[in-house]
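Since the structure comes first, as structure tokens, the remarks are kept for the end.
Just so it is clear, none of the values below were taken in a lab; they were calculated from the coordinates. What you see is a predicted model, and the numbers here were worked out from it, not measured in a lab. Cβ sites come from the backbone with ideal geometry, for glycine too, and all protein chains shown count toward neighbours.
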Ligand SMILES: CC/C=C\CCC/C=C/C(=O)SCCNC(=O)CCNC(=O)[C@H](O)C(C)(C)COP(=O)(O)OP(=O)(O)OC[C@H]1O[C@@H](n2cnc3c(N)ncnc32)[C@H](O)[C@@H]1OP(=O)(O)O
């Protein structure tokens with residue numbers, strides 16, 4: 001089945017995926033504070049996922065603003081919040097960044113989370129920041145199921161105007177992501193490869209061109225597609241553990257990183273370093289990755305998430321519209337190259353991956369991975 005959009009991806013998940021979205025699988029605390037209200041409030045004109053114009057800066061935790069239940073039209077007090085939010089930060093985040101006076105208490109229920117099988121999303125309403133944790137055991141390979149669930153979660157965040165930034169991380173310290181799932185590219189038919197590649201393209205385009213601030217909290221190894229995932233972000237914080245590696249190592253599998261993987265890498269570390277890294281399939285230690293600019297900061301393992309959060313708060317201080325336009329200016333030419341030849345890129349992938357020689361290489365690589373353990 002050909003997949004064109006995220007809605008098509010959702011349809012692919014059928015009952016399960018849409019059920020997840022409808023019921024949200026909201027944690028009980030979050031349900032109390034967020035989505036539960038949204039559902040209950042819909043009849044009264046209270047929107048959760050798509051606040052109406054003028055309401056979007058008001059979150060349920062705004063210490064001087066209204067709650068979601070009370071908002072139908074902004075009051076004059078509310079308007080003060082809207083006025084202050086000239087930089088498009090959610091009101092509560094704005095207050096916090098302006099050194100909140102100590103007498104203001106934030107409710108403990110300022111978070112809401114949802115999860116499906118392979119992705120956990122934890123949204124801190126007071127900051128306007130979501131954390132996405134990938135949990136696809138054993139190695140967070142980017143299977144079709146994971147990509148589909150990730151895209152659905154991502155779309156939810158994109159539609160939530162209060163979400164200004166996303167931190168990408170792994171639920172399993174030691175492995176950020178093992179990259180594309182080799183089993184999705186082995187022994188399947190052309191229709192499957194087509195479907196898979198569309199999902200990979202879609203994920204890259206969505207993340208690379210997101211208006212939200214995206215920060216990768218790389219808490220483990222990140223080869224190939226895992227590295228690409230990290231490369232879509234605006235800033236990369238990596239755990240300073242010499243056992244971890246990161247890089248586009250496709251040639252080691254006997255395959256070739258597509259041009260848009262290459263472009264994303266070149267935009268990050270430059271042409272010469274990319275040429276070597278891609279041809280040799282280099283996997284860099286954190287220290288090497290920092291040196292060539294593949295990652296932006298190394299921190300001890302237990303500081304990866306908190307550092308990502310503090311970097312996020314710095315990025316969110318920049319007026320959002322200016323930052324977004326700048327990001328688009330920097331990235332659109334690269335994304336457009338894929339958008340212009342999406343179908344050709346799919347055909348190329350399907351033809352390439354279906355070749356006997358390539359299938360053999362992938363099988364041998366998988367076998368070597370297994371034998372390494374024995
Ligand atoms: C024209 C364009 C054409 C093609 C473009 C395609 C672009 C491709 C991009 C990719 O991302 S390809 C994938 C590249 N990934 C890798 O090379 C990573 C391989 N994995 C590892 O190096 C390690 O597994 C690890 C991630 C460092 C983790 O090591 P650890 O020792 O913790 O785990 P172990 O190796 O024992 O693996 C456990 C289990 O998982 C299987 N596995 C690992 N990686 C993948 C994967 N990417 N896809 C599917 N399965 C994977 C591994 O075989 C083990 O399985 P087993 O338990 O059944 O033995």
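With just the Cα atoms defining each centre, how far is segment 120-140 from segment 213-282? Give it in Å.
21 Å
Two decimals, Cα atoms only, Kirkwood Rh: what is Rg/Rh over segment 111-372? Mind showing how you got there, number by number?
Working: Rg = 17.5 Å, Rh = 18.5 Å.
Taking Rh as the inverse mean 1/r over Cα pairs, Rg/Rh reads 0.94.
Rounded to the nearest 0.05, what FRET efficiency do residue 321 and residue 367 have when you use their Cβ-Cβ distance and R0 = 45 Å? Write down the numbers at each step before the final one.
On the way: r = 52 Å, r/R0 = 1.15.
With R0 = 45 Å, the Cβ-Cβ based efficiency is 0.30.
When a footprinting reagent is the concern and you count Cβ atoms within 10 Å, what order do 185, 209 take, fewest first?
On the way: 185 21, 209 16.
Sorted ascending by nearby Cβ count, the order is 209, 185.
Where does each of 112, 118, 372 land when they are ranked from fewest to most other beta-carbon atoms within 10 angstrom?
Numbers: 112 27, 118 21, 372 7.
So the residues, fewest neighbours to most, are 372, 118, 112.
Just the Cα atoms of segment 227-374: what Rg and Dmax do they give in Å?
Answer for segment 227-374, Rg first and Dmax second: 17.8, 54 Å.
Quick one: length gained pulling residue 330 to residue 192 fully straight, 0.36 nm per residue minus the C-alpha distance? Display every interim value, and only then the final one.
On the way: separation 138, 0.36 × 138 = 49.68 nm, distance 3.32 nm.
Value of the extension gain: 46.4 nm.
Could you check the spin-label model distance between residue 287 and residue 339? Points 7 Å from the Cα along Cα→Cβ, value in nm.
4.3 nm
Grab the beta carbon distance between residue 272 and residue 297, set R0 = 30 Å, and tell me the FRET efficiency rounded to 0.05.
Values: r = 23 Å, r/R0 = 0.76.
It comes out at approximately 0.85.
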